[in-house]
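Worksheet: the structure to be examined is printed underneath.
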Amino acid sequence: MSQRSEPLPRIRVRPLTRANLSIQLTLLGLTLLTLYSFTTFDTRGIGLVEALQDMLNNFRLLLLEPRLRSVSFADLLEALFVTVGLGLLTTVFGAIIAFFLALFAAQNLAPIWLNNLIKGGTAFIRAVPTVLWVLFFAVAAGMGSVAAVIGMTFHSAGYLIKAYAESFEEIDAGVLEALRASGASWWQTVFQAVVPTSASALLSWTFVRFEINFSTAIAMGATAGAGGIGFDMFMASAFYLDLRELGAFTYAILVFAMALEWFATHMKARLGKSRE
């Protein structure tokens, strides 16, 4: 017997609407503009092959021949610890401020008008880049580590308030209602249900912010005069152009970032085992 073949699925063709036509024309225009820019770009007599060779040679010096010349290994460690301390200090200050404000920004713990007030303020803080906050406080405190700490703490608190509040809002509403029905106060509810349940998430968000603050502290060392390894990298790259020394700084940062990731994973695993 001949089996009846199933009909092939129909291919849906998206109709050409005004919105789709506008998107296609925009993409086409950007493509043509990009091609025109590449064809008319002023290379100032620099050949493409020579430029690629110089770039590969710079990467070779940076990554394959790291070497310290103007600073010693002890100076490298000291500069790295200054940057780590700057990132850690701003993370701790921001986490402490964010924890208490996030309790009032969570919808299941505070009135809605207070939630909206705090979330609106933190949204404005997050919308402004960290470097602008640092430069803003530098007007009052002067360029240096003080302005960097205040500006980075300001932005860290705004970031962590949102992260912590969302972690608090994911707690089972039944647990909170049971504690309130048993006569527990607001602070007892926080420290007996909210904090233990969301401890792992809080730790994860804090380590993520520390990684961000560490990388930001490197940039602030050069732009805001906060010192640390960022200032040494700026001097090695822009002042006396020593790519080998810049490579040594880069590997020091890479080693610390890997160690930080291992430590964060280890701490989360230990926290998970302690809760079982």
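Report whether or not Gly121 is of a type in the set (Gly, Ala, Ser), under 24 Å from the mean Cα position of the chain (by Cα), part of a helix (DSSP H, G or I) and buried (at least 19 other Cβ atoms within 10 Å of the Cβ).
No.
I'm trying to understand the selection: among the residues of the stretch 113-155, which are farther than 15 Å from Asn213 by Cα and of a type in the set (D, E, K, R)?
The answer is Lys119, and nothing else.
Name the helices (runs of 4 or more DSSP H) wholly within the stretch 168-276 that hold at least 3 residues that are crowded, with 18+ Cβ neighbours inside 10 Å?
Passing ranges, in order: 195-223, 229-234, 243-275.
Somewhere in the stretch 85-98, is a residue exposed (fewer than 14 other Cβ atoms within 10 Å of the Cβ), under 23 Å from the mean Cα position of the chain (by Cα), over 30 Å from Asp232 (Cα atoms) and free of Cβ contacts under 8 Å to residues at least 24 places away in the same chain?
Looking for residues that are exposed (fewer than 14 other Cβ atoms within 10 Å of the Cβ), under 23 Å from the mean Cα position of the chain (by Cα), over 30 Å from Asp232 (Cα atoms) and free of Cβ contacts under 8 Å to residues at least 24 places away in the same chain, one finds at least one in the stretch 85-98, hence yes.
Filter the stretch 126-153 down to the residues that are in contact (Cβ under 8 Å) with a residue 60 or more places away in the chain and aromatic (Phe, Trp, Tyr) and list them by number.
The answer is none; no residue qualifies.
Find the residue count for the stretch 182-220, including only residues that are aliphatic (A, V, I, L, M) and under 30 Å from Phe81 (Cα atoms).
10
Hey, does the stretch 87-94 have a residue that's under 24 Å from Leu203 (Cα atoms) and touching a Leu at 6+ places or on another chain (Cβ under 7 Å)?
The answer is yes, given that some residue of the stretch 87-94 is under 24 Å from Leu203 (Cα atoms) and touching a Leu at 6+ places or on another chain (Cβ under 7 Å).
Counting only residues that are in contact with a helix residue (DSSP H, G or I) (Cβ under 6 Å, 6 or more places away or on another chain) and either modelled with pLDDT of 85 or more or under 19 Å from Gly228 (Cα atoms) (or both), how many does the stretch 134-148 have?
Within the stretch 134-148, residues that are in contact with a helix residue (DSSP H, G or I) (Cβ under 6 Å, 6 or more places away or on another chain) and either modelled with pLDDT of 85 or more or under 19 Å from Gly228 (Cα atoms) (or both) number 5.
The values are calculated or read from the model by the stated rules, or taken from the named source; none is laboratory data. Predicted model only: the values in this text are computed from it and were never measured. Using ideal geometry, Cβ is built from the backbone for each residue, glycine included, and neighbour counts are taken over all protein chains shown.
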